[in-house]
Amino acid sequence: MNQKKNSDLLKVIGTPMEYSDDKYLVYVELYKTTKTLKKIISKHCEITSEMEFGYICEVTMQGIPEIVRSLALKNHAVYQIVRLSKVL
């Protein structure tokens, strides 16, 4: 993709500067799921499903880095966070 197409794409998928209360469905992938990890994540969002290696959550854009920071402060690895879709 060229730079203009990338720029146009970023305008429609959300940005780190989005401070709205809009929720996004995201997958938080960890090394395992535990009650402790679920408790940390649930402080920042609503967990809708537990998967084998992570959680599906409804969260605002600004809540995503808060999840990562809270897990990192307790020395838990985050393998990926995938934004799946906007919750309508």
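The values are calculated or read from the model by the stated rules, or taken from the named source; none is laboratory data. Worth saying up front: this structure is predicted, and the values here are computed from it rather than measured. When we count neighbours, we look across all protein chains shown, and the Cβ atoms used for this are built from the backbone with ideal geometry, even at glycine. Surface areas here come from the heavy atoms of the whole protein model, side chains and all, with no ligands, DNA or RNA. Shrake-Rupley method; radii C 1.70, N 1.55, O 1.52, S 1.80 Å.
The figures follow:
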{"quantity": "Count of region 37-56 residues which are out of contact with any helix residue (DSSP H, G or I) (no Cβ under 8 Å at 6 or more places or on another chain), of a type outside the set (Gly, Ala, Ser) and touching a residue at least 12 places away in the same chain (Cβ under 8 Å)", "calculated": "7"}
{"quantity": "Candidate set from region 66-82 (those that are part of a helix (DSSP H, G or I) and not hydrophobic (A, V, I, L, M, F, W, C)); member that is nearest to residue 44 (Cα to Cα)", "calculated": "66"}
{"quantity": "Residue 67 being within 14 Å of residue 31 (Cβ to Cβ), in contact with a helix residue (DSSP H, G or I) (Cβ under 6 Å, 6 or more places away or on another chain) and either open to solvent by less than 50 Å² (accessible area, probe 1.4 Å) or free of Cβ contacts under 8 Å to residues at least 60 places away in the same chain (or both)", "calculated": "no"}
{"quantity": "From the options 85, 49, residue that is more than 23 Å from residue 15 (Cα to Cα), in a strand (DSSP E or B) and open to solvent by 30 Å² or more (accessible area, probe 1.4 Å)", "calculated": "49"}
{"quantity": "From the options 17, 1, 61, residue that is modelled with pLDDT under 95, in contact with a Ser or Thr (Cβ under 8 Å, 6 or more places away or on another chain), among the hydrophobic types (A, V, I, L, M, F, W, C) and not in a helix (DSSP H, G or I)", "calculated": "61"}
{"quantity": "Unmet criterion (only one of (1) under 14 Å from residue 87 (Cβ atoms); (2) at pLDDT 95 or above; (3) open to solvent by less than 40 Å² (accessible area, probe 1.4 Å); (4) of a type in the set (A, V, I, L, M)) for residue 25", "calculated": "(3)"}
